[in-house]
Amino acid sequence: MTVFEIALGLVLLVAGGDVLVRGSVGLAKRFGLSELLIGLVLVGFGTSTPELMTSVLAALDGSAGIAVGNVAGSNIANILLILGLTAVICPLRVEPAALLRDGPANLLAALAFTGLSITGFIGREAGVALVLTLAAYLVLTYRMEKGTHTPSAELHRGEVQLVAPPAWKTSLLLSLVMAFGGLVMILGGAHFLVAGATRLAQAAGISDAVIGVTIVAVGTSLPELVTSVIAALKRQTDIALGNILGSNLFNILGILGVTALVSPLQVPQEIMQLDIWVLLGATAILLVFSMSGWRICRREGAVMLFAYGAYTTVVLTKALG
């Protein structure tokens with residue numbers, strides 16, 4: 001039953017995330033919103049909704065390890081697993097202008113997460129600060145790129161084209177049904193995933209933080225994996241990189257911030273001692289690889305995949321040993 005709950009939760013999260021994004025993009029296009037705004041806000045929020053719902057429900061359920069571990073583990077998986085796999089499929093082209101804006105922002109967000117984790121507690125005041133920082137970043141980015149055709153602006157518009165529904169699916173009623181239905185699926189998926197993951201941790205005698213940074217984190221990152229792999233197969237690799245950079249920002253500033261607002265979080269020791277430092281190192285590696293020739297080649301992608309395998313092995317060995 002536990003395995004079935006987790007599997008059902010993951011399926012609902014992936015399917016619901018995809019339907020929600022497509023329905024929301026369809027609604028936005030019907031109301032005449034610019035593709036830049038849709039790509040910057042709706043696609044970013046939409047692909048991070050599974051992480052948001054899972055972390056919030058876990059926090060309300062008293063499973064801070066799943067809530068915090070989901071954010072840390074998702075960002076680690078986004079960089080080392082998803083970008084690594086995507087680069088192996090097709091080397092990633094890096095847009096310098098987009099990276100020079102989003103790269104430092106990702107590093108600062110990771111540093112803020114590290115600082116908060118070291119204190120062992122993420123309260124509502126920190127949650128407010130994180131959410132306001134995300135809002136300021138989105139407003140600043142939109143104002144900088146509105147009405148322009150810079151590479152970074154085109155990247156956000158390209159994200160919309162990647163997920164936008166076909167013209168015949170953009171009716172107002174169908175878009176509403178898709179957006180609402182996707183949200184319901186995500187809520188149901190998050191419920192089943194958190195319940196199943198909690199029971200699995202108890203049955204295996206390991207902490208919920210370990211489950212959070214492994215099964216839950218990878219599961220809630222599946223929408224980003226699907227989007228990035230599709231972008232790689234279409235040779236739109238700059239969109240794959242932009243998708244991950246945006247998702248990681250949303251995860252720390254938005255998801256961690258909103259979750260802390262809903263329910264202050266006690267950071268588990270395991271995350272303080274290992275996972276947060278791996279996240280910081282993975283972010284640094286991403287920036288170094290990205291700026292070395294403004295591309296991430298297959299060899300660098302393989303290194304990232306190997307690093308993720310090593311990290312997961314260490315986590316599980318410590319938990320089971």
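The values are calculated or read from the model by the stated rules, or taken from the named source; none is laboratory data. Every value quoted in this text rests on a predicted model; they were computed, and no experiment measured them. A quick note on method: Cβ atoms are made from the backbone with ideal geometry, for glycine too, and the neighbour counts reach across all protein chains shown.
Checked against (1) touching a residue at least 60 places away in the same chain (Cβ under 8 Å); (2) more than 26 Å from ALA240 (Cα to Cα); (3) surrounded by fewer than 23 Cβ atoms within 10 Å (Cβ to Cβ), GLU125 passes all but a single condition, namely (1). Set side by side, the residues LEU287, LEU265, LEU241 differ, and just one is of a type in the set (A, V, I, L, M, F, W, C), closer than 18 Å to VAL94 by Cα and surrounded by 24 or more Cβ atoms within 10 Å (Cβ to Cβ), which is LEU241. Under the condition of being over 18 Å from PHE45 (Cβ atoms) and in a helix (DSSP H, G or I), the residues counted in region 202-224 number 15. I need every pair where a residue in region 244-267 that is assigned to a helix (DSSP H, G or I) has its Cβ under 7 Å from the Cβ of a residue that is modelled with pLDDT under 90 and β-branched (Val, Ile, Thr), sequence separation at least 6 or different chains. Listed pairs, sorted by first residue: SER247/THR47. Within region 67-104, the set of residues being modelled with pLDDT under 90, in a helix (DSSP H, G or I), surrounded by 21 or more Cβ atoms within 10 Å (Cβ to Cβ) and hydrophobic (A, V, I, L, M, F, W, C) comprises ALA98, LEU99.
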